[in-house]
Amino acid sequence: MTETPKPPHADDIQLLFPPPVEPPHRASGFGSGIRTWFLTGVVIAGPLAVTAWLVWWFIDTVDRWVRPLVPPTLWPDNFLPVRLPGTGVVLAFLGLTLLGFLAANLAGRTLLRIGERILDRIPAVRGIYKGVKQVFETLFSQSGTSFRKVGLVEFPAKGVWSIVLISTPPAKSIADAMPSREEHVSVFLPCTPNPTTGFWFYLPAGDVIEVPITPDEAFKLIMSAGVIQPGGAGKLAVLAAAGKRETAGAK
């Protein structure tokens, strides 16, 4: 009597037909290294490209502003075979420096006072000129401290802290009108990602915590929504080190 053959066992099938051996993941490591190198290149080229674009935009804008004020016979582009960018920037710098030099003399101060008196007699222009002049004098004063200190305030809720730029204390007329007799200070709270907009208000000086960072670092922190932290230099070195580790792991 013939026995019915049994079906092969699963273990026997594995012995006859072993599963294919997967190759080592060298391609994955190499791909990760490529990605790290690409990100490192973006970190290097990105700031250079943005900086070059901003510088070119500034130079081109100043050139277009200054060109109508200069006689055509004095503009270098009219007798040079190529365009010479930056001429307007140089002329604007020289003109502003000369204006400051003249204003520092007795004759210049006299002319400046006469001009301000004329503007003071024009109702619509008087308020604009005085306000803008005070802002420029405050921002560009070498001895002033406005917006040169950074602080933390509890805003918009208790336990939530926001970065602010510390400005000047309130004037006596405003300080006397406040119900609290303690010392106050004015602060500007920039918005993210556009720090040119925000909120400005008075706070008790004790409610503002001064932090040891520069306004430039504060603006970077605000514009990047917390990505660029103060003292964050060396990120490029970290990426480069990561690329080296990926490359070593792929070998």
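Could you size up the charge dipole of segment 149-229 around its Cα centre, putting +1 on the beta carbon of Lys and Arg and -1 on that of Asp and Glu, and report it in debye to the nearest 20?
120 debye
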- Task: Would you kindly derive the ³J(HN,Hα) couplings of segment 115-132 from the backbone phi angles with the Karplus curve 6.51 cos²θ - 1.76 cosθ + 1.60 (θ = phi - 60°), listing them in order in whole Hz, with x for Gly and Pro?
- Result: x, 5, 5, 5, 5, 5, 8, 9, x, 6, 8, 4, x, 5, 5, 5, x, 5
- Note on the structure: The simple spin-label model distance between A92 and V55, using points 7 Å out along Cα→Cβ, in nm, is 1.6 nm
- Item | Two-site FRET efficiency, W37 against L84, from Cβ-Cβ distance with R₀ of 45 Å, rounded to 0.05 | 0.70
- Listed highest first by mean packing, meaning other Cβ atoms within 10 Å per residue, what order do 217-227, 107-117 come in? 217-227, 107-117
- Tally Lys/Arg at +1 and Asp/Glu at -1 over every other residue whose Cβ is under 10 Å from the Cβ of L165; what's the total? +2
- Could you list, in their original order, any pairs among K130/K220; K130/K172; K172/K220 whose Cα atoms are separated by more than 23 Å? K130/K220; K172/K220
- Just add up the charged neighbours of L119: K/R +1, D/E -1, any other residue whose Cβ is under 14 Å from the Cβ of L119. +4
- Message: Report the Cα centroid-to-centroid distance between segment 158-177 and segment 69-125 in angstrom, as an integer.
- Response: 37 Å
- When the Karplus curve 6.51 cos²θ - 1.76 cosθ + 1.60 is applied with θ = phi - 60°, which whole-Hz ³J(HN,Hα) does each residue of segment 71-84 get, with x for Gly and Pro? x, x, 5, 9, 7, x, 5, 6, 10, 10, x, 10, 6, 10
- Using a simple spin-label model with points 7 Å from Cα along the Cα→Cβ vector, what separation in nm is obtained for A171 and L99? 2.6 nm
- Taking the convex hull of the alpha-carbon atoms of segment 149-229 and averaging its shadow over every direction gives an area in square nanometres of 5.6 nm²
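We did not get these values from a lab; they are worked out from the coordinates using the rules stated. Keep in mind the model is a prediction, meaning the values are calculated, not measured. A quick note on method: Cβ atoms are made from the backbone with ideal geometry, for glycine too, and the neighbour counts reach across all protein chains shown.
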